[in-house]
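The values are calculated or read from the model by the stated rules, or taken from the named source; none is laboratory data. What you see is a predicted model; the values in this text were computed from it and never measured. Counting neighbours? That spans all protein chains shown, and the Cβs are built from the backbone with ideal geometry, glycine included. These area figures cover heavy atoms from the full protein model, side chains too; ligands, DNA and RNA do not enter into them. Shrake-Rupley method; radii C 1.70, N 1.55, O 1.52, S 1.80 Å.
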Amino acid sequence: MSSVQVLSTTIIQAPNHNLNGSNHHTIDLNPWDLQLLPFGYNQMSFVYRQSIKSDILNQIQHLKHSFSSALDFFHVFAGRLKITQHEDNTISCSIKCNNEGALFVHAAAKYIIVENILEPTHLSPVHHSLFVMNGVKNYQGTSHPLLAVQVTELDDGIFIGITTNHVVGDGTLFSNFYNLWAKISRGSVEISKTPIFKRWFPKGIECPIRLPLKIDSQNNLNEKKLNPPERIFHFTKENIAKLKSKANLEAGTKKISSLQALLTHIWRSFTRSQKLDDQTDVSFSVDISVRSRLNPPLHENYFGNAIIECLVKMKAGELLDDGGLGKGALKMNKMISLHTDEKIRSHYEKWLIEPSFYVTPDDVSHNNGLVIAYSPRFDVYGNDFGWGKPVGVRSGGADKREGKVNVFGGVEEGSMELEVCLPNEILEAMSHDLEFMNVVS
């Protein structure tokens, strides 16, 4: 029997949907969206400590009301996907802004306390029960809500688990929605960023884009484990600054960013912990935003997917040599810099000729590689719904797999948190890696 009890389930619509002219509006999708169709829904959560339970029902009602108000500005989340089969054996996919509604679930887990969520170095077996729509793939958004929230009462706090369809947008969209919902919940009506959901297409692209395949044929992988081993590593602003300075000094440059230095630091520890031969190829996959890289750049309020994968490869020996922090970080910097307007447009056009899709493998560590997700730029700890900022931020199990590194901005300004999913033996080896742990707070 699950320790999480569902108390109510509600479909919530955007209240002014018919008034804002969005009724039954359709959004055509571009390759950055379509490549995510067989991928799992995104899951993100915020944990709050709260000892007073007397007004919990009023809080739930208030959250529902503010959630509905936020949907007025992000009405795309109240829609559904539409997959159309064409006579020439192709399909196309779009978002129907039909206001069928988003899902809001109220649950209770009275035997779970906040520390049960925050203290373990790996996902608790109950963690997936704090989210809805586990295992749902993005292409199933034709019949599933594009956005679902589960608010769970803990014994001494509240857990808000949010599940979003990744075809609708990327982390920038999700982060702005979370921030807006929290802002409305604590009483503000000032909206700083009006979302732009119309997708970017180069001139001459016929819409909707047709795909010569069935989406579910791309989803032939085994279901991954619900609870992969993971550990949270915290890094202070001061220690990150030292890493950045060391990386730039070793590389003889000033180009390397704080994030590039930190990611290379954990990449080196991961590689050391595997005891690989010096000539073994190791990799780090970084999703980078293309918004400012296009010419002209996308509007800052563009809220479709706008990310492209950048793969950095090196020999294990080169990465671990003296000066390897600088070498690895500079290689990462240079590979990211290669993604110019010309390269991005070329990648876009090649995708139209030969579509490829993100999938969720059970294990990417056999490639001796890491994959990064999220961004320290997202204001995750700023999501105050009216009772204080979260005491913890965790992603859900839907997009967890070995080799994945989720990076968040920390509680203190300039700090970062890395949520690392790897086999237990590698995590254990990293925890005894003095060079790595000396930078961990």
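Results, tabulated for the structure shown:
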| item | result |
| --- | --- |
| Checking GLY324 against (1) more than 26 Å from the chain's Cα centre (by Cα); (2) open to solvent by 20 Å² or more (accessible area, probe 1.4 Å), the condition it does not meet | (2) |
| Total residues in the range 242-256, condition part of a loop (DSSP other than H, G, I, E, B) and either open to solvent by 40 Å² or more (accessible area, probe 1.4 Å) or hydrophobic (A, V, I, L, M, F, W, C) (or both) | 4 |
| Filtered residues of the range 161-187 (kept if of a type in the set (Gly, Ala, Ser) and within 21 Å of PHE104 (Cβ to Cβ)) | GLY161, GLY169, SER175, ALA182, SER185, GLY187 |
| Tally of residues being in a loop (DSSP other than H, G, I, E, B), modelled with pLDDT of 90 or more and open to solvent by less than 80 Å² (accessible area, probe 1.4 Å) across the range 187-205 | 7 |
| Residues located in the range 33-43, provided they are open to solvent by less than 10 Å² (accessible area, probe 1.4 Å) and touching a Lys or Arg at 6+ places or on another chain (Cβ under 8 Å) | ASP33, LEU37, PRO38, GLY40, TYR41 |
| Filter result (of a type in the set (S, T, N, Q) and open to solvent by 40 Å² or more (accessible area, probe 1.4 Å)) within the range 76-99 | THR84, GLN85, ASN89 |
| Number of positions in the range 259-282 that are surrounded by fewer than 18 Cβ atoms within 10 Å (Cβ to Cβ) and within 30 Å of VAL168 (Cβ to Cβ) | 0 |
| Scope the range 56-81; condition outside any helix (DSSP H, G or I) and under 16 Å from GLY304 (Cβ atoms); matching residues | PHE74, GLY79, LEU81 |
| Among residues of the range 283-301, those that are open to solvent by 10 Å² or more (accessible area, probe 1.4 Å) and over 30 Å from THR271 (Cβ atoms), counted | 9 |
| Restricting the range 261-302 to residues that are in contact with a Ser or Thr (Cβ under 7 Å, 6 or more places away or on another chain) and part of a loop (DSSP other than H, G, I, E, B), the residue that is farthest from LEU330 (Cα to Cα) | ASN301 |
| Those residues of the range 171-183 which are open to solvent by less than 30 Å² (accessible area, probe 1.4 Å) and in contact with a helix residue (DSSP H, G or I) (Cβ under 8 Å, 6 or more places away or on another chain), in sequence order | SER175, PHE177, TYR178, LEU180, TRP181, ALA182 |
| Counted residues, the range 292-305 - those being charged (D, E, K, R) and at pLDDT 95 or above | 1 |
| Checklist (1) more than 19 Å from GLN61 (Cα to Cα); (2) surrounded by fewer than 18 Cβ atoms within 10 Å (Cβ to Cβ) applied to TYR139, failing item | (2) |
| Residue pairs meeting the criteria (Cβ under 8 Å; at least 6 apart or on separate chains; first touching a residue at least 12 places away in the same chain (Cβ under 8 Å), in the range 173-199; second among the acidic types (Asp, Glu)) | SER175/ASP379; ASN179/ASP379; ALA182/ASP384; ARG186/ASP384; LYS193/GLU300; ARG199/ASP28; ARG199/ASP33 |
| Count - residues of the range 206-241 that are part of a loop (DSSP other than H, G, I, E, B), modelled with pLDDT under 65 and among the hydrophobic types (A, V, I, L, M, F, W, C) | 2 |
